[in-house]
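Following: one structure in structure tokens, then a few remarks.
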Amino acid sequence: MKKSTTRVTVIIVFLVVAVVGYYAYLANRSRNERAEESMSTVQMILSRDLSKDYPPTPKEVIKYYNEIFVAYYNEECSEEDIEALGLKARELYDDELLEANEIGGYLISLQDEVEAGRKKERRIVSPNVASSVNVDLFKENGYEFARLQCGYTILEGGQKYPTTQMYLLRKDGNKRWKIYGWEDVKNLESQS
């Protein structure tokens, strides 16, 4: 009789520990989900540590850049948010692009551009990065480059304006694709 009482006690203790452990797991998971839900889009974008989680492909670099770009116009951003987003975008830029855009001037220009867009009620919808098969990879002057298009629909004053940007990325010494530059496709077509 003592043997069966001991077994029952062990089973009951095991079940109690399992139930308490499962409850603790659910409570912690719920707390983490609430924390993620309470983070704004801007906070989510800024929380990405590019030193540890850099986008691995040209397409992913442009997708992340688009998240930043869209946040400028579609989210409630303070001047501090715009500056932080601008600094995060600069982490995606090639060294030559950084040199051509001194940080102080870049941030002032960015603030002005976003403010002008807000006055015009500009919003960016449906950024559409070209599929990975449409990425043009090539080598030039000892560097690896990638060229790809991204289409945007811009809403401004109740009107829709489609536009397409051609992005050029260059692989740096750490094997990371960095944005080397971009231009409106209409400008490129008029140069041809």
Among Pro55, Pro162, Pro127: highest mean-square fluctuation, GNM of the chain, C-alpha pairs under 10 Å: Pro162
Highest first, please rank the peptides 21-29, 63-71, 107-115 by the mean number of other Cβ atoms sitting within 10 Å of their residues. 63-71, 107-115, 21-29
Tell me the angle of helix 79-90 to the major Cα principal axis of the chain, expressed in degrees between 0 and 90 and rounded to the nearest ten. 80
What do you get for the angle between helix 58-74 and the principal long axis of the chain? Use alpha-carbon atoms, 0 to 90 degrees, nearest ten. 90
Over the chain, what is the relative contact order in percent, taking alpha-carbon pairs closer than 8 angstrom and at least six residues apart? 18
Between helix 2-38 and the chain, what is the angle of the helix's C-alpha long axis to the longest principal axis, kept within 0 to 90° and rounded to the nearest 10? 20
Per the helix-only model, the chain has a calculated mean residue ellipticity at 222 nm (DSSP H runs of ≥4, -39500 (n - 2.57) each, divided over all residues, rounded to the nearest 500) of -17500 deg cm²/dmol
Over segment 80-191, what relative contact order in percent results from Cα pairs under 8 Å that are six or more residues apart? 23
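Every number in this text was worked out from the coordinates using simple rules, so none of it is lab data. Keep in mind it's a predicted model, so treat the numbers as computed, not measured. A quick note on method: Cβ atoms are made from the backbone with ideal geometry, for glycine too, and the neighbour counts reach across all protein chains shown.
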